[in-house]
1. Out of M31, M1, which single residue is of a type outside the set (D, E) and in contact with a helix residue (DSSP H, G or I) (Cβ under 6 Å, 6 or more places away or on another chain)?
2. Quickly run through segment 64-93 and pick out the residues that are polar (S, T, N, Q), buried (at least 17 other Cβ atoms within 10 Å of the Cβ) and modelled with pLDDT of 85 or more.
3. For the condition out of contact with any Gly (no Cβ under 8 Å at 6 or more places or on another chain) and either of a type in the set (S, T, Y) or surrounded by 14 or more Cβ atoms within 10 Å (Cβ to Cβ) (or both), what is the one hit in I61, I7?
4. Just to be sure I understand, how many residues within segment 32-56 are under 22 Å from L73 (Cβ atoms) and without any contact (Cβ under 8 Å) to a residue 24 or more places away in the chain?
5. Across segment 41-58, what is the total count of residues that are open to solvent by 40 Å² or more (accessible area, probe 1.4 Å) and more than 19 Å from F5 (Cβ to Cβ)?
6. What pairs come up if the first residue lies in segment 63-92 and is at positive phi, the second is outside any helix (DSSP H, G or I) and open to solvent by 50 Å² or more (accessible area, probe 1.4 Å), and their beta carbons are under 8 Å apart, counting only those six or more places apart or on different chains?
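The values are calculated or read from the model by the stated rules, or taken from the named source; none is laboratory data. All values reported here derive from a predicted model rather than from experimental measurement. For neighbour counting, all protein chains shown are included, and Cβ atoms are generated from backbone atoms with ideal geometry for every residue, glycine included. The protein model used for the area step is the full one, side chains on, heavy atoms only, and it has no ligands, DNA or RNA in it. Shrake-Rupley method; radii C 1.70, N 1.55, O 1.52, S 1.80 Å.
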Amino acid sequence: MFAVFMIEKFTVEPWQIAVLFAVGGITMAIMQGGLVGPLVKRLGEKPLSISSFVLQALASIGIVTVPSLWLLLPVQVLNSLGTMVLYTISGTT
């Protein structure tokens, strides 16, 4: 659905969609691979979950309001950060 939205809003090519998804995937891998564990120990699950929801909400607003495709890169990173932290935490409890 996100790819269809991007095609309609920005008239993008498939490789541009692939770049955005790759950035998101790399961000998720880094978060799950080494950052979530120390963050949970330092901040706790509940504050980290709330932060993840806030990041996802901000990213959702950003996705529909950015005027340019390349401004979606930082928004995609925010979305991926929030998503991966939440998925990792929910999978450990």
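1. M31
2. Q76, N79, S80, T83
3. The match here is I7.
4. Residues flagged as under 22 Å from L73 (Cβ atoms) and without any contact (Cβ under 8 Å) to a residue 24 or more places away in the chain within segment 32-56 amount to 3.
5. 11
6. Pairs found: none.
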